[in-house]
Amino acid sequence: MLVINPNGNELLLNHNMKTSEVIFVIHVFPYWIFKDNQTRQIQDAVSNVEKHFGELCQIFAGYVRKTARLRDKADLLVNEIYAYAATETPNLKVGLKNFADEFSRLQDYRQAEVDRLEAKVVEPLKSYGTIVKLKRDDLKATLTAKNREAKQLSQLEKTRQRNPSDRHIIYQAESELQRASLDATRTTRQLEETIDNFEKQKIKDIKNIFSEFITIEMLFHGKALEIYTAAYQNIQNIDENEDLEVFRSSLYPPDYQSRLDIVRANSKSPLQRTGSLKSSLKTVQISNSMPRKEEDEEEEEDDEDDDDEEEL
């Protein structure tokens, strides 16, 4: 009769073995091979969780950090809007200030988003570092027990080959193998229960983590839509014409119109200046010609009087 030892070698069972011994050996080997494959599958499952949960944790942590940086930049933007609004006309000043108030309120919700993501998403993923470490310790204990079982089995085979007639030594080796097998079976069952709970908890945690992430984002973006709507309305309510009138009145003082009339009166065009000069010259010429005509008439009268006197 042939069996396979842990090293993969075929062993011929000793014909001097008792029936109970043969049954024991035939029972142990297939069980051990099955459990070895099962342990390898469990090890792969734990390694898979360790790898991908670690990546998810790092990416989500980066997402939270970027959101926190966005909040900081938004705070700087709010401060700059306040500073600029203080220098503007009344309507624009009020509109910008109201916009900055709404935008600042949005950053409070963004801070709440950061805190919730940190607590509900990043921390649960980070805790799997410790959970995976504990599962690896359980797996290591199971593998140690299995290796001890395989070692005892190998020693039993060697003992039977070296001392086939020494029943005392063979019995001790069988007892050691039985204890090792029972210990391996016990640790394997514990590992099975542990990994089953681990798998169940993993699925539950994944559902909770992603549900929390979606809920947090939906709450924030719902509030963001509400606040952005109010901020948009505040900007649209700015009265451009009224602010333009205020700017013009500040640019031109109240007595500007009277001064403007004076300036216009004193700053005629060159054609107007030439026309007025010609009219003034004509007036002077007419006024100058009037006395000359009167003098000529007087001289003529004097001449006539002289003639009359000579005739007399």
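The values are calculated or read from the model by the stated rules, or taken from the named source; none is laboratory data. Predicted model only: the values in this text are computed from it and were never measured. Here the Cβ is made from the backbone with ideal geometry for all residues, glycine too, and neighbour counts use every protein chain on show. Quick note on the areas: whole protein, heavy atoms, side chains included, nothing else; ligands and nucleic acids left out. Shrake-Rupley method; radii C 1.70, N 1.55, O 1.52, S 1.80 Å.
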task = Report H221's accessible area, 1.4 Å probe, all protein chains in place, as a number in Å² to the nearest 10.
result = 110 Å²
ask   = ³J(HN,Hα) across the stretch 217-222 via Karplus (A = 6.51, B = -1.76, C = 1.60, θ = phi - 60°), whole Hz, x for Gly/Pro?
value = 5, 5, 4, 5, 5, x
task = Return the sequence-ordered ³J(HN,Hα) values of the stretch 72-84 in whole Hz as given by the Karplus equation 6.51 cos²θ - 1.76 cosθ + 1.60 applied to θ = phi - 60°, using x for Gly and Pro.
result = 5, 5, 5, 5, 5, 5, 4, 4, 5, 5, 4, 5, 5
note = Simple spin-label estimate for T215/N241, 7 Å along Cα→Cβ, in nm, reads 5.2 nm
Surface per residue (accessible, 1.4 Å probe) for the stretch 67-157, Å² = 54 Å²
message = Quick one: 3J(HN,Hα) in Hz for the stretch 121-131, Karplus 6.51/-1.76/1.60 with θ = phi - 60°, rounded, Gly and Pro as x.
response = 10, 5, 4, x, 5, 5, 5, 6, x, 5, 4
ask   = In this model, which of K73/K207; K135/K158; K73/K135; K73/K204; K66/K204; K51/K73 are farther than 31 Å apart at the alpha-carbon?
value = K73/K207; K135/K158; K73/K135; K73/K204; K51/K73
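Quick one: ranking K140, K202, K93 by accessible area, 1.4 Å probe, largest first, what do you get? Walk me through the numbers before you get to the answer.
Values: K140 135, K202 40, K93 90 Å².
Result of the area sort, largest leading: K140, K93, K202.
Over all directions, what mean area does the Cα convex hull of the stretch 155-205 project, stated in square nanometres?
On the way: hull surface 15.6 nm².
The orientation-averaged projected area of the Cα hull of the stretch 155-205 comes to 3.9 nm².
Order 240-246, 119-125 from most to least packed using the mean count of other Cβ atoms within 10 Å.
119-125, 240-246
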